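Inspection log for the structure reproduced underneath, given as structure tokens.
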Amino acid sequence: MPATELAFSNPPPRALYLDTDVLINYLVSSEPHHQRSRTFLERLLAQDTTLYVSSLTWIEYAHVITRDDFRRRLSQEIRQRLRLDRWGDRAVRQRYLQEYVQALDELLAQFEWAEVFPLVDVRQAALGFMDQYNLDGQDAIHLASAFSHGVVDFASFDRVYRRVDGLHLWNDLIYAGQSA
């Protein structure tokens with residue numbers, strides 16, 4: 001049985017794993033699901049939901065926000081303030097990354113949260129999920145990280161998680177009516 005997709009307006013769970021894309025959408029106003037992510041996380045904060053994220057989250061987050069296509073989508077004000085036209089300068093990259101990682105840390109600090117370290121059990125489960133659900137490595141690690149802590153509520157805008165049996169996929173029903 002594929003994942004059960006849930007609206008962000010549903011009563012929030014006590015424990016929720018956050019995929020990196022939800023965090024990026026929350027923190028970056030130019031992202032397509034920014035407002036829905038902000039509203040959702042603010043509801044979670046009011047309900048004392050415990051969040052789970054993988055150690056991989058920071059690396060994946062940094063990878064996404066440092067991509068050229070991502071930086072080009074940022075507002076002109078941000079690009080000018082951070083001098084992104086000088087991306088080749090290490091000090092520019094360092095300041096940019098530091099600012100965005102600090103924003104992620106500050107967001108998580110508002111919550112009760114836990115960092116999941118991808119140790120042997122997560123690695124083994126991730127390899128199985130890659131086979132079973134045809135997930136890429138990072139997606140499989142996120143799923144294995146959640147399941148390793150007994151968390152079946154999982155927030156992500158990534159459609160690949162729709163095929164995961166037993167998962168409660170918090171995606172605000174953005175794929176409603178589309179086949180898995």
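Taken together, the values in this text are just the output of simple stated rules run on the coordinates, not laboratory data. On a predicted model such as this, the values are computed, not experimentally measured, just so you know. Positions of Cβ are backbone-derived with ideal geometry, glycine not excepted, and every protein chain shown enters the neighbour counts.
Some notes on this structure:
- Extending 7 Å from Cα along the Cβ direction at Glu77 and again at Ala103 yields two label points whose distance is 1.2 nm.
- Whole-angstrom gap from region 79-154 to region 42-73, using each part's C-alpha centre: 6 Å
- Cα shape, the chain, gyration tensor, a/c 1.5 rule: prolate
- Whether region 35-142 is rounded, prolate or oblate, judged on the alpha carbon gyration tensor where a/c under 1.5 counts as rounded: oblate
- Neighbour counting of Cβ atoms within 10 Å sorts the residues Phe70, Phe154, fewest neighbours leading, into Phe70, Phe154.
- For region 76-84, 3J(HN,Hα) computed residue by residue from phi via the Karplus equation (6.51, -1.76, 1.60; θ = phi - 60°) reads 4, 4, 5, 4, 6, 4, 8, 6, 5 Hz, glycine and proline entered as x.
- Total formal charge among the other residues, if their Cβ is under 14 angstrom from that of Asp69, Lys/Arg +1 and Asp/Glu -1: +3
- Its Cα centre serving as origin, the chain has a Cβ charge dipole (Lys and Arg +1, Asp and Glu -1) of approximately 660 debye.
- Peptides 20-26, 33-39 ranked from most to least packed give 20-26, 33-39, packing being the mean of other C-beta atoms within 10 angstrom over each peptide's residues.
- Charge tally for Asp165 (other residues, Cβ to Cβ under 14 Å; Lys, Arg +1; Asp, Glu -1): 0.
- Phi-based couplings in Hz for region 39-47 (Karplus 6.51, -1.76, 1.60; Gly and Pro marked x): 4, 5, 5, 5, 5, 4, 5, 5, 9
- Proximal charge balance of Tyr52 [Cβ under 12 Å; K/R count +1, D/E count -1]: -3
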